[in-house]
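Just dropping this structure here.
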Amino acid sequence: MSSEPTIDHIGLSSDLNATAASLLGLLSGRPMTGWELYATFEDTIGNFWSITRSQVYRELRALAERGLIEMGASGVRDRRSCTITPLGRQTFAAWIARMPGPEQIRFPLLLTVFFGDAVPPEKLRDVCIVHRRLHAERLATYEAQLPQARAEAAYPALALEFGIRYERTVLAWIDALPLMREA
């Protein structure tokens, strides 16, 4: 029997949060600094999972303390390369294989529309117009990214396809709002 701890032995995956697990997943590809992780996170899963730079560094410290990553020596601007450990890979594999919890919708525009009676109608319409433009831009970006995503990796492309359908649905919903039909 190996003396090295395993996931089953110490139960690391059960208390791993989604942000920490996502960082492990990104580090599975290659070592990165916290800055690189934040940029990669934003460029990939940042469209459906939010994170702040301070969260990245806080999670990296916690992951290092748990032996799931190793942090290299400080480099330029105090940047440290982070490398996933074998235990980190095992922890990520156990975490990602679990049954995901239910999604939680956090949609600021929906909150504003819900309380729309407290907003002057012209202001609410302006807010919806701005958000419609943002969603149309995001849809165009996703649609432009899809061919390359499909060529590179099937599963990230499936997530991008969800984003395209989501943006189309949001645009249709905004367009159907009675206040958007008023001139």
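I need the full set of residues from the range 43-60 which are surrounded by 15 or more Cβ atoms within 10 Å (Cβ to Cβ) and not hydroxyl-bearing (Ser, Thr, Tyr), in order please.
45, 47, 51, 55, 56, 59, 60, listed by residue number.
List, please: which pairs have Cβ atoms under 7 Å, are six or more places apart or on different chains, and start with a residue in the range 65-80 that is under 18 Å from residue 25 (Cβ atoms) and end with one that is at pLDDT 75 or above and charged (D, E, K, R)?
71/80
For residues in the range 29-66 being hydrophobic (A, V, I, L, M, F, W, C) and in a loop (DSSP other than H, G, I, E, B), which is farthest from residue 104 (Cα to Cα)?
Here the residue is 51.
Another one. Condition (residue is under 17 Å from the mean Cα position of the chain (by Cα) and of a type outside the set (Phe, Trp, Tyr)) applied to the range 167-180: is it met by at least one residue? First the steps, then the outcome.
First, the residues of the range 167-180 that are under 17 Å from the mean Cα position of the chain (by Cα): 167.
If we keep only those that are of a type outside the set (Phe, Trp, Tyr) too, we end up with 167.
Yes: the range 167-180 contains one or more residues that are under 17 Å from the mean Cα position of the chain (by Cα) and of a type outside the set (Phe, Trp, Tyr).
Moving on to the next point. Can you find a residue in the range 119-129 that is part of a loop (DSSP other than H, G, I, E, B) and under 20 Å from the mean Cα position of the chain (by Cα)?
Filtering the range 119-129 down to residues part of a loop (DSSP other than H, G, I, E, B) leaves 119-120.
Right, trim to under 20 Å from the mean Cα position of the chain (by Cα) and you get none.
No: the range 119-129 contains no residue that is part of a loop (DSSP other than H, G, I, E, B) and under 20 Å from the mean Cα position of the chain (by Cα).
Looking at 132, 80, 168, which one is in contact with a helix residue (DSSP H, G or I) (Cβ under 8 Å, 6 or more places away or on another chain) and in the same structural domain as residue 47 (by TED's automatic domain parsing)? Step through it out loud before you land on a result.
Numbers: 132 fails: in the same structural domain as residue 47 (by TED's automatic domain parsing); 168 fails: in the same structural domain as residue 47 (by TED's automatic domain parsing).
Only one candidate qualifies: 80.
Shifting gears a bit: Tell me which residues, restricted to the range 135-153, are more than 19 Å from residue 44 (Cβ to Cβ) and either among the hydrophobic types (A, V, I, L, M, F, W, C) or not assigned by TED's automatic domain parsing to the domain that holds residue 167 (or both).
Within the range 135-153, the first condition is being more than 19 Å from residue 44 (Cβ to Cβ), and the residues that meet it are 135-136.
The one that is more than 19 Å from residue 44 (Cβ to Cβ) and either among the hydrophobic types (A, V, I, L, M, F, W, C) or not assigned by TED's automatic domain parsing to the domain that holds residue 167 (or both): 136.
Ok, one more. Can you run down the residue pairs with Cβ atoms below 8 Å, 6 or more apart or on separate chains, where the first is in the range 128-157 and over 26 Å from residue 176 (Cα atoms) and the partner is of a type in the set (Ser, Thr, Tyr) and modelled with pLDDT under 95?
Partner pairs satisfying both residue conditions: 156/44.
Starting from residues that are touching a helix residue (DSSP H, G or I) at 6+ places or on another chain (Cβ under 7 Å) and among the charged types (D, E, K, R), keep the ones in the range 21-69 and report whichever is farthest from residue 166 (Cα to Cα).
My answer is 59.
State which residue is surrounded by the fewest Cβ atoms within 10 Å (Cβ to Cβ) when the search covers only the range 77-108 and only residues that are among the hydroxyl-bearing types (Ser, Thr, Tyr) and in a strand (DSSP E or B). Even if it seems obvious, please write down each step before you answer.
Within the range 77-108, the subset among the hydroxyl-bearing types (Ser, Thr, Tyr) is 81, 83, 85, 91.
Right, trim to in a strand (DSSP E or B) and you get 81, 83.
On the way: 81: 17, 83: 13.
Across the range 77-108, the extreme among qualifying residues is 83.
The values are calculated or read from the model by the stated rules, or taken from the named source; none is laboratory data. Just so you know, these numbers come straight off a predicted model, no measurement behind them. Every residue, glycine as well, gets a Cβ built from its backbone with ideal geometry; the counts of neighbours run over all protein chains shown.
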